[in-house]
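J.: I have a structure I would like to understand better, so I am pasting it below and will then ask my questions one at a time.
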Amino acid sequence: MATKSFVVALTAIGLALGAAVWAAKPPRTSGKVDETAKGDWAPTFYKDVLPIVQQHCQTCHRPGQIGPFSLLDYQSARPWAKAIKSAVAARKMPPWLANPEYGHFNNDRSLNRAEIDTIVAWANHGAPAGDPTDAPPPVQWPEGGWSIQPDVTVDLPPYPVPATGVKEWERLAIPSPFKEDTWVTSVQILPGAPAVVHHLCFDFHKHKPTTPYNVYEWVEVPRDDAGAAKTHDGSAQAMQGTVHTRAVGSTEETRRQGRPDIGTGIYYCYLPGLTFEDYRPVHAGIFVPAGSDMLLNLHYTTNGAAVIDRSRIGFTVAKVLPPKKFVQQTTSGEGDDNPDSPVGGQQQANEKLAIPPYDGNYSGPPADITFKKDIELVSLRPHAHVRGKSVRYTLIYPDGREEIVLDVPHYDFNWQLTYRTSLKIPKGSRMHFQFTYDNSASNKYNPDPSKWVYYGGQSWEEMGGPFLGFLMDRNANEEDVIQER
């Protein structure tokens, strides 16, 4: 397949991901860093650098995580001093893609000028250790690869990912681990083989007698030899047609005509760059009724090596009192057939997405979401694929005033971050959202700039979704809050 070598390179890059911190921090400033200058000030690792890397870097740069080296101690960090200096001076690390001119985000993990200058000066002076007694107390990171310490965990069935071939989006239903009504306060999806996990998402749904457990379901998508879908109807995944089923642990497939028996959930996701969602800092949670099902949406991308994925999901739960607020999320409309969702159908005219060959600045179909009541916006998570170039969210108030809420001038598929904010939106406002795409040869992630590109669920196809999160009172009626256009 033409995309095979591209997928291998992409998934290797996708291993470099991180998790956001909630603490507010000084804003970024512009200006060029002098990477060679040596002033009189010689910062040391233990006193000056370690507090910075504890806050911004150790989530990924510690044993068992995806950072290529550890930053827990001086001995591990010292050999990488020049590489660290170059990465932070160029603002490549820690990854943060939002334009600092717009919006305020309380999980902004980018380094401010003083932090960058400290690391650069430390490296320029030979990366001295300093006095170990100056070191702050070590961060007590959870064991087992978790970024949160889960109260409840779910082990997904081992999934054999072949070395080659196209994997469609698959559905899987399992019972939720909660036998009583429960408030979930954080969620982390821990992929077992992140190099091949394109996405792993789920949602909680009331159990239906017709929903089978421990069976994978997917709908066949007719594709050409290069892996591109032959039909361009604006769907990320087919909703009916030839339905394939395979029991967990079996290699035998059955086929039938119709629609899948299993619904699909894409509210809570693992994506490259996105590892956990924590609602505790805003005293919020997700209500999970007793006996609910977890409906999973799984998508694997082969990369030339057969592997077994053993992914896990961890939760923290409210132990005494329920949170004051609950989190409501919109999806992008990509296959969301949840009848209880306040947002239904497609948010964009995705069937019109047709990116010409070699077009380096194609404007995708926009989306407009109208708010029917006053509401608080708390998160934005733009999602596209490898030709995604930039994205902008603009809030249009009832009086016509416009405010750019989020601007990402250089979108990166490998860092699909959630941008957390607190923005009170009055009734009658409208959020306008739009991606641009780069199908040119200058896009180093582009598998083939000579191809027309249409809406679809594979990395070599394209999409664009806003994924908004709102904070609501526990007794609010979510269906009265937002509507799509």
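The values are calculated or read from the model by the stated rules, or taken from the named source; none is laboratory data. In this text the structure is predicted, and so the values were computed from the model without any measurement. Positions of Cβ are backbone-derived with ideal geometry, glycine not excepted, and every protein chain shown enters the neighbour counts. Accessible surface areas use protein heavy atoms only, side chains included; no ligands, DNA or RNA. Shrake-Rupley method; radii C 1.70, N 1.55, O 1.52, S 1.80 Å.
J.: Under 7 Å between Cβ atoms, which residue pairs at least 6 apart in sequence (or on different chains) link something in segment 310-325 that is polar (S, T, N, Q) with a partner that is part of a loop (DSSP other than H, G, I, E, B)?
T.: Hits for this filter: 311/156; 311/191; 311/192; 316/148; 316/150; 316/151.
J.: Can you tell me how many residues within segment 101-136 are of a type in the set (A, V, I, L, M, F, W, C), out of contact with any helix residue (DSSP H, G or I) (no Cβ under 7 Å at 6 or more places or on another chain) and part of a helix (DSSP H, G or I)? Spell out how you get there, then give the answer.
T.: Here is the first cut: in segment 101-136, the ones of a type in the set (A, V, I, L, M, F, W, C) are 105, 111, 114, 116, 119-123, 127, 129, 135.
With out of contact with any helix residue (DSSP H, G or I) (no Cβ under 7 Å at 6 or more places or on another chain) added as a condition, the list becomes 105, 114, 121.
Filter again for part of a helix (DSSP H, G or I), leaving 114, 121.
The number of residues fulfilling the criteria is 2.
J.: Using beta carbons and a limit of 6 Å, which pairs, at least six apart or on different chains, have the first residue in segment 109-131 and open to solvent by 30 Å² or more (accessible area, probe 1.4 Å) and the second one at pLDDT below 95 and not β-branched (Val, Ile, Thr)?
T.: 125/42
J.: Return the residue satisfying two criteria in turn: it lies in segment 443-480 and is among the polar types (S, T, N, Q) and over 19 Å from the mean Cα position of the chain (by Cα), and of such residues it is modelled with the lowest pLDDT. Spell out the reasoning first.
T.: Of the residues in segment 443-480, the ones among the polar types (S, T, N, Q) are 443, 446, 450, 458-459, 475, 477.
Okay, now just the ones that are also over 19 Å from the mean Cα position of the chain (by Cα), so 443, 446, 450, 475, 477.
Details: 443: 97, 446: 96, 450: 97, 475: 70, 477: 55.
So the residue we want is 477.
J.: Do you know which residues across segment 219-263 are open to solvent by 50 Å² or more (accessible area, probe 1.4 Å), hydroxyl-bearing (Ser, Thr, Tyr) and in a strand (DSSP E or B)?
T.: Selection gives 254 alone.
J.: Sticking with this structure for a sec: Tally the residues that are under 14 Å from residue 364 (Cβ atoms) and open to solvent by 10 Å² or more (accessible area, probe 1.4 Å), restricting the search to segment 389-411.
T.: Final tally of qualifying residues: 4.
J.: Quick check on segment 400-416. Is at least one of its residues under 29 Å from residue 182 (Cα atoms) and at pLDDT below 95?
T.: Scanning segment 400-416, I find at least one residue that is under 29 Å from residue 182 (Cα atoms) and at pLDDT below 95, so the answer is yes.
J.: For the subset of segment 425-437 comprising residues that are assigned to a strand (DSSP E or B) and open to solvent by 10 Å² or more (accessible area, probe 1.4 Å), which member is farthest from residue 92 (Cα to Cα)? Outline the logic, then answer.
T.: The initial filter retains those residues of segment 425-437 that are assigned to a strand (DSSP E or B), namely 425, 430-437.
From what is left, the residues that are open to solvent by 10 Å² or more (accessible area, probe 1.4 Å) are 430, 432, 434, 436.
Working: 430: 33, 432: 28, 434: 24, 436: 22 Å.
So the residue we want is 430.
J.: I need the full set of residues from segment 444-463 which are open to solvent by 20 Å² or more (accessible area, probe 1.4 Å) and either closer than 16 Å to residue 222 by Cβ or in contact with a strand residue (DSSP E or B) (Cβ under 8 Å, 6 or more places away or on another chain) (or both), in order please.
T.: Hits for segment 444-463 are 452, 454, 460.
J.: Output the residues belonging to segment 258-272 that are hydroxyl-bearing (Ser, Thr, Tyr) and more than 21 Å from residue 314 (Cβ to Cβ). Can you show your working first?
T.: Going residue by residue through segment 258-272, those that are hydroxyl-bearing (Ser, Thr, Tyr) are 264, 267-268, 270.
Hit for segment 258-272 is 264, nothing else.
J.: Still on this model: Mind counting the residues in segment 353-369 that are more than 24 Å from the chain's Cα centre (by Cα) and closer than 16 Å to residue 403 by Cβ?
T.: 0
J.: In this structure, does residue 363 turn out to be out of contact with any strand residue (DSSP E or B) (no Cβ under 9 Å at 6 or more places or on another chain), closer than 30 Å to residue 219 by Cα and hydroxyl-bearing (Ser, Thr, Tyr)?
T.: Answer is no for this residue.
J.: Taking the options 440, 422, name whichever one is surrounded by fewer than 23 Cβ atoms within 10 Å (Cβ to Cβ), under 21 Å from the mean Cα position of the chain (by Cα) and either within 21 Å of residue 360 (Cα to Cα) or in contact (Cβ under 8 Å) with a residue 60 or more places away in the chain (or both).
T.: Details: 440 fails: under 21 Å from the mean Cα position of the chain (by Cα).
Testing whether each residue is surrounded by fewer than 23 Cβ atoms within 10 Å (Cβ to Cβ), under 21 Å from the mean Cα position of the chain (by Cα) and either within 21 Å of residue 360 (Cα to Cα) or in contact (Cβ under 8 Å) with a residue 60 or more places away in the chain (or both) leaves just 422.
J.: Contact list please: Cβ distance under 6 Å, first residue in segment 78-90 and at positive phi, second residue outside any helix (DSSP H, G or I) and open to solvent by 20 Å² or more (accessible area, probe 1.4 Å), pairs at least six apart or on different chains.
T.: Between residues of segment 78-90 that are at positive phi and residues that are outside any helix (DSSP H, G or I) and open to solvent by 20 Å² or more (accessible area, probe 1.4 Å), there is no close pair.
J.: Follow-up. Would you check if residue 51 is at pLDDT 90 or above, farther than 22 Å from residue 272 by Cα, surrounded by 14 or more Cβ atoms within 10 Å (Cβ to Cβ) and within 27 Å of the chain's Cα centre (by Cα)? Full working, then the answer.
T.: Working: at pLDDT 90 or above: yes; farther than 22 Å from residue 272 by Cα: yes; surrounded by 14 or more Cβ atoms within 10 Å (Cβ to Cβ): yes; within 27 Å of the chain's Cα centre (by Cα): yes.
Taking the combined requirement at face value, the residue satisfies it.
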